[in-house]
1. Against the conditions (1) touching a residue at least 24 places away in the same chain (Cβ under 8 Å); (2) within 30 Å of I315 (Cβ to Cβ), where does F164 fall short? Just the number, please.
2. What is the residue count in the range 314-328 for residues that are crowded, with 20+ Cβ neighbours inside 10 Å and under 27 Å from V398 (Cβ atoms)?
3. Restricting the first residue to the range 283-307 and requiring it to be over 21 Å from V347 (Cβ atoms), which pairs with a second residue that is among the aliphatic types (A, V, I, L, M) and modelled with pLDDT under 80 meet a Cβ separation below 8 Å and a spacing of at least six or different chains?
4. Return the pairs, sorted by first residue and then second, in which the second residue is outside any helix (DSSP H, G or I), the first residue lies in the range 197-212 and is within 24 Å of A167 (Cα to Cα), the beta carbons are less than 8 Å apart, and the residues are 6+ apart or on different chains.
5. Could you list, ordered by first residue, the pairs with Cβ atoms under 6 Å in which the first is in the range 224-243 and among the charged types (D, E, K, R) and the second is surrounded by fewer than 17 Cβ atoms within 10 Å (Cβ to Cβ) and modelled with pLDDT of 65 or more, at least 6 apart or interchain?
6. So which residues in the range 149-161 are free of Cβ contacts under 8 Å to residues at least 60 places away in the same chain and assigned to a helix (DSSP H, G or I)?
7. Would you mention how many residues in the range 133-165 are modelled with pLDDT of 90 or more and not β-branched (V, I, T)?
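The values are calculated or read from the model by the stated rules, or taken from the named source; none is laboratory data. Since the model is a prediction, treat every value here as computed from it, not as a measurement. So basically every Cβ, Gly included, is an ideal-geometry build from the backbone, and we count neighbours across all protein chains shown.
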Amino acid sequence: MITVRLKPLLLFSGTSSLLGGILSLETFFVLFLFAGLYKADSRFNWVSVDLTALFAALILAWGFYIFFICGLKVKRNALNLLIIFILFISCAFLSLIYTPGFAYARQKVLYISTLNLLAFTIAALIIASSRARIKRFMMALIVFSIVMFVEVFKNYLQSGGIGFVTAFNTNYLGVGRVLGLGAILWLSIFLFTKKLIWRIFSIGALAFYLFLMFVSGGRGPVVAFISTSLMFLLLGFLPGKTVRYYRFSFRLIGLWILLIIFLLMFISPLSTTTLQRFLVIYEDPSHGYSVAVRLEYYKDAFHYWLASPIWGHGIGSWPILEGEEDTRKYPHNIFLEIAVELGLIGVCLFMGFLFYGLKCLGDLDRVRSDPLKMTTLMLLINMIVNAQFSGDLHDNRVLFALVGLITMTDQANMKRKS
């Protein structure tokens with residue numbers, strides 16, 4: 001049997017055959033995480049069941065098989081993180097007692113306790129247990145981003161570059177988030193691969209990904225990607241034992257110079273939706289409708305939190321507090337959303353969840369010397385920044401999955417075992 005090795009694409013050695021990668025748990029996991037972005041497309045009307053539910057059932061069954069038939073051992077740090085997450089979910093459940101919301105509150109708890117919990121559990125207990133699985137996950141993610149890139153580029157050409165650019169009948173923010181995650185993977189390939197051809201290819205891929213991010217209309221994903229790149233630089237220049245990491249920071253500076261030159265050559269601020277929306281922030285006294293609404297939400301959220309700082313107003317209470325109908329509404333900031341609805345207790349549990357996950361990565365030198373850990377950390381930072389601008393709590397399924405992934409085994413431990 002002939003197998004095709006995909007070693008260069010992920011730069012991290014040890015990926016499986018092409019067929020094995022396509023039919024892997026990790027591929028179906030990526031399709032589950034992003035099902036909400038493509039299932040409304042008319043090309044999937046022939047599927048009679050909800051695609052999120054379908055892929056959730058598949059990975060759940062797969063997970064049971066791995067646990068009970070293959071006898072997978074659960075790592076202590078992953079189990080501890082799962083307990084913290086369950087406590088957070090329990091806090092949301094208890095808040096149903098006093099929340100003024102009804103339909104949205106129950107829907108929100110249902111999604112958090114099923115879809116988000118499933119995303120985290122599969123990532124932390126199964127995928128993070130094997131570095132090969134994490135590589136397959138990243139392979140599936142970058143392939144999904146390429147599919148999104150092709151669809152967005154096609155729609156951009158058809159639109160003539162006017163207005164927001166979307167794909168698969170989803171919104172521009174979903175498009176920007178997927179392209180942003182893909183761009184981080186290409187950035188990681190550029191920084192860590194030793195093959196010149198893949199460095200050159202990754203520069204071209206990054207340039208075109210950023211081009212589409214600038215023309216699609218989403219400001220949050222652009223800010224998230226830039227923030228993640230700056231974090232790469234910060235981690236590189238922080239003092240530590242791994243002095244050799246400095247060269248990656250200088251390589252990143254050189255890359256950004258090339259990308260800026262490319263963007264200046266091919267992008268006019270007046271011809272791209274995203275840049276136009278950035279300019280509105282500075283030129284319009286009200287900073288534009290979208291920013292003005294968010295600033296009003298942030299101010300309201302602070303006042304609502306002061307009214308009930310410990311327990312919050314209950315899960316799904318935001319639309320009721322705002323005088324809206326009992327439908328999906330949120331303050332467009334995950335920390336303010338938790339503070340308003342679950343109070344300091346919820347914020348502390350969520351922050352504990354994040355900080356314990358980051359602690360599982362190890363110290364700075366250990367992270368910087370491990371390309372897989374660095375890449376996973378950058379993906380997580382990207383999603384955390386995105387969560388500060390849009391999406392409610394249960395929309396951030398990918399964020400919870402990435403927190404689960406950072407419980408991965410150390411590279412040094414894998415070498416000792418082998």
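1. (2)
2. 5
3. As it stands, the answer is S286/A292; H287/V280; H287/I281; G288/V280; G288/I281; V291/V280; V291/I281, since those pairs meet every condition given.
4. Between residues of the range 197-212 that are within 24 Å of A167 (Cα to Cα) and residues that are outside any helix (DSSP H, G or I), the close pairs are S202/T193; F211/I267; L212/V165.
5. As it stands, the answer is K241/D365, since those pairs meet every condition given.
6. Across the range 149-161, the qualifying residues are V150, E151, F153, K154, N155, L157, Q158, S159.
7. Total meeting the criteria: 13.
A quick yes/no check of all residues on (1) surrounded by 22 or more Cβ atoms within 10 Å (Cβ to Cβ); (2) part of a helix (DSSP H, G or I); (3) touching a Phe, Trp or Tyr at 6+ places or on another chain (Cβ under 7 Å):
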residue	(1), (2), (3)
L181	yes, yes, no
I189	yes, yes, yes
W198	no, yes, no
L206	yes, yes, yes
Y209	yes, yes, yes
P221	yes, yes, no
L230	no, yes, no
